[in-house]
Amino acid sequence: MRMLGPRSKHASMVWLEPHRVHAGGQFHPFSGAPEGDGLSRILAALPQAPTHWVVDDPWIPSLLLRDIVEVPAGTEAREAFFRWRFSQDLLLDAPQFVQALALEQSAWLLTGLPQQLRDAWIQMAAAAGRPMRRLQPRWLWLYNRLAPTREMPGILLSLSLQDEGMYTGTLASWGHNLTLLRQWVEPATADTWSQERLLPTIAYLQREARSPQELHVWGAAHWPDCGLPVRILQPEIPAQESL
């Protein structure tokens, strides 16, 4: 998702999760509404320039659609179709802002969030003089930097730590392109994630001749054995990104 703002060579990174915000190269404890005064104060401390936002996956759900042979002609009809599919498939009632990205083999990646929340973030960033230039879920930010650099098919777990060692998050797999995407908002332990979510997905991919060769985990310090080499991703979040 891109929202254009003033020209600048760099944008400040705003990394927003339910328990913390990373901005200006520093972590800030965070709680409360994601559009509240606390976030406004953190934005005001950044350089007066565009911002790139990466937010917790449940705030910007994603949906991978396959075998979409034909979409409606015309921009408005196409956008309406993808909003309808997004809301229907994810059982969402509130009006959604949805962006669709065409992938290979008649596949589309949809990312979206409630229109009201998106508008609040854009207005907040603009009022602080830190206009939003890009907005995307955490898993997609990680995927875009990880998958193109890997030579073997793999799986990414993008996790958010909840209370008492419980995680919510996203599982994304790739070969030459994004092949599978699953998300869970129900918190579970690492063992439950591995046994009930990861291992069945690996078995499914093997049956489909898309066997992953490595696992990358963001958000957990260690991970149970799953039969794949495990790489724990370090929380190296940049203070800025190039535009």
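Some notes on this structure:
- Modelled spin labels at LYS9 and ALA209, positioned 7 Å past Cα toward Cβ, are 4.9 nm from each other.
- Taking GluC sites (Glu not before Pro) across region 76-165, the ones in a DSSP loop with at most 14 further Cβ atoms lying within 10 angstrom of their Cβ are GLU104, GLU151.
- Per residue convex hull volume, Cα atoms of region 117-162, in Å³: 110 Å³
- Over region 158-200, equivalent-ellipsoid semi-axes from the Cα gyration tensor in Å: 21, 11, 7
- Scaled against the 2.2 N^0.38 Å expected of a compact globular protein of N residues, the Cα radius of gyration of region 7-110 reads 1.35.
- Evaluated over region 140-232, the Cα radius of gyration and Dmax, each in Å: 12.3, 37
- For region 62-112, the set of trypsin sites (Lys or Arg not before Pro) satisfying both a DSSP loop assignment and a count of at most 14 other C-beta atoms within 10 Å is given as ARG66.
- Taken along its three principal axes, the alpha carbon spread of the chain comes to 51, 46, 34 Å, from the longest extent down to the shortest.
- Spread of Cα-to-Cα distances over 10 Å intervals beginning at zero, given as percent, for region 23-81: 15, 34, 21, 21, 10
Since every read-out is calculated from the coordinates, none of them should be taken as a lab result. What you are looking at is a predicted structure, and each value in this text was computed from that prediction instead of being measured. Please note: Cβ atoms are built from the backbone with ideal geometry, for glycine as well, and neighbour counts cover all protein chains shown.
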